[in-house]
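Asks: Mind looking over this structure? Questions follow.
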Amino acid sequence: MTTIHHFRNATMVIETENEVILVDPMLGAKGTQPTFTFFRFKAQKNPIVELPQSCLEILNKVTHCVITHLHPDHLDKMGEEFLINNNIPVTCSYKDVNDLKKRGLNVVNSIEYWKQTPFLNGTIEGVPARHGYGLVAKPMGNVMGYYIKLSNGDSIYLSSDTIYTEDVHKVLAEYNPTISVVAGGTAQLDLLKPLLMTKEDIIKFAENAPNKVIVNHLEAVNHCPTTRTELKNIFTKKGLISKVCIPEDGEVISF
């Protein structure tokens with residue numbers, strides 16, 4: 001059995017009998033980061049919600065951490081401090097290794113795109129991610145999704161902050177992930193196109209995913225306008241709600 005502990009935004013824990021993997025730790029208190037938009041959406045300090053207290057217990061069991069990219073809504077100061085103070089082994093993109101080591105993190109795995117690497121009695125493989133439509137993707141920098149084969153035989157695709165691309169489609173169509181995770185907040189800055197999938201592409205992701213889908217990156221940072229209620233209504237109308245989970249902050253899901 002694989003259990004997903006959804007914390008907030010993209011922060012989650014993947015738990016099996018043998019491993020407890022923290023993903024993209026944004027662990028700071030509400031309002032500890034600046035606003036990400038000023039006029040397109042309401043200016044608010046981030047995160048705009050607190051981390052549920054119920055999440056803290058599982059943090060004590062974490063055996064490893066996976067980081068998709070270095071934006072502060074995926075790795076904040078409190079997240080860094082947790083990883084450093086507890087000497088948690090970290091897996092990340094080969095492009096982020098030097099930066100994270102300079103920050104004092106215990107990086108043990110450097111992952112490349114489309115290269116399968118041993119990982120906790122399973123494997124992990126980097127998947128390209130494009131953080132935005134059009135011109136905005138370049139300044140948003142590198143992002144890496146991951147396809148992880150867990151030691152219990154399940155597999156999970158962490159697509160990370162990306163739009164729908166041929167690479168995303170390849171994993172959904174050919175890799176048969178047990179669980180596929182998509183960022184659903186349709187984030188936008190004050191200028192240029194969305195940073196994450198549009199609702200239409202989120203639907204496409206869910207339609208093409210072979211098994212269960214988790215939608216995260218919702219209602220936690222101020223530049224993400226799409227809500228859980230909106231997506232639930234859309235998935236219900238499309239007949240997809242039975243395969244999609246849109247967890248509340250602090251919710252625990254078992255597969």
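Asks: What residues have an amide H closer than 5 Å to that of residue 111, excluding those fewer than 5 places away on the same chain, when H is modeled at 1.01 Å from N in the peptide plane?
Replies: Close amide H contacts, sequence-distant or interchain: 92, 93, 94.
Asks: List the relative contact order of the chain as a percent without decimals, with contacts defined as Cα pairs under 8 Å and 6+ residues apart.
Replies: 20
Asks: Output ³J(HN,Hα) for region 207-214: one whole-Hz value per residue in order, computed from phi by the Karplus curve 6.51 cos²θ - 1.76 cosθ + 1.60 with θ = phi - 60°, and x for Gly and Pro.
Replies: Ordered by residue, 3J(HN,Hα) equals 4, 8, 5, x, 9, 6, 10, 10 Hz.
Asks: In addition: Within region 208-228, which residues have the backbone N less than 18 Å from the label spot 7 Å out from residue 1 along Cα→beta-carbon, could you tell me?
Replies: 212
Asks: Moving on to the next point. Compute the separation of the alpha-carbon centres of region 55-121 and region 177-255 and state it in Å as a whole number.
Replies: Here the answer is 24 Å between Cα centres.
Asks: Sticking with this one: So for region 1-55, averaging the separation of alpha carbon pairs under 8 Å that are six or more residues apart and normalising by length, what relative contact order in percent results?
Replies: Relative contact order for region 1-55 comes out at 26 percent.
Asks: Counting alpha carbon pairs within less than 8 Å and at least 6 residues apart, what relative contact order, in whole percent, applies to region 115-182?
Replies: For region 115-182, the relative contact order is 29 percent.
Asks: Could you rank the peptides 165-172, 101-108, 181-188 by their average count of other C-beta atoms within 10 Å per residue, with the highest value first?
Replies: In descending order of packing, they fall as 181-188, 165-172, 101-108.
Asks: Quick check: pseudo-label points 7 Å beyond the Cα along Cα→Cβ at residue 254 and residue 136, how many nm apart are they?
Replies: Output for this residue pair reads 3.9 nm.
Asks: Please report the carbon-and-sulfur percent of the accessible area for the chain; probe 1.4 Å, protein heavy atoms only, DNA, RNA and ligands left out.
Replies: 51
Asks: Something else about it: If amide H atoms are built 1.01 Å from N in the plane of the peptide, which residues on other chains or at least 5 residues away come under 5 Å of the amide H of residue 214?
Replies: 180, 181, 182, 245
Asks: Which of the lysines could a cross-linker bridge to residue 243, judged by Cα under 27 Å and excluding same-chain residues fewer than eight apart?
Replies: Straight-distance partners of residue 243: 149, 170, 199, 204, 212, 232.
Asks: Further question: Averaged over every viewing direction, what's the projected area of the C-alpha convex hull for the chain? Give it in nm², one decimal, please.
Replies: 12.1
Asks: Beyond 23 Å, what share of the Cα-Cα pairs of region 27-146 is found? Please give it as a whole percent.
Replies: Cα-Cα pairs in region 27-146 separated by more than 23 Å: 40 percent.
Asks: Among 91, 11, 227, which one moves the most in a GNM of the chain with springs linking Cα atoms closer than 10 Å?
Replies: Among 91, 11, 227, the largest GNM mean-square fluctuation belongs to 227.
Asks: May I ask you to evaluate 6.51 cos²θ - 1.76 cosθ + 1.60, the Karplus curve with θ = phi - 60°, for each residue of region 27-38 and list the ³J(HN,Hα) values in order in whole Hz, giving x for glycine and proline?
Replies: Along region 27-38, the couplings run 10, x, 6, 3, x, 8, 10, x, 5, 9, 9, 10 Hz.
Asks: From the backbone phi of region 98-110, what are the Karplus-calculated ³J(HN,Hα) couplings (6.51 cos²θ - 1.76 cosθ + 1.60, θ = phi - 60°) in whole Hz, Gly and Pro given as x?
Replies: 3J(HN,Hα) across region 98-110, in whole Hz: 4, 4, 5, 5, 4, 6, x, 7, 8, 7, 10, 10, 10.
Asks: Could you rank the peptides 213-223, 54-64, 192-202 by their average count of other C-beta atoms within 10 Å per residue, with the highest value first?
Replies: 213-223, 192-202, 54-64
Asks: For region 136-178, with every protein chain kept in place, what is the accessible area per residue (1.4 Å probe, Å²)?
Replies: Per-residue value: 37 Å².
Asks: Using a 1.4 Å probe and ignoring any ligands, DNA or RNA, find the accessible area of residue 115 and quote it in Å² to the nearest 10.
Replies: 100
The values are calculated or read from the model by the stated rules, or taken from the named source; none is laboratory data. Predicted, not measured: the structure shown is a model, and the values here were computed from it. Backbone-built Cβ (ideal geometry, glycine too); neighbour counts: all protein chains shown. For accessibility, only protein heavy atoms count, side chains too; no ligands or nucleic acids. Shrake-Rupley method; radii C 1.70, N 1.55, O 1.52, S 1.80 Å.
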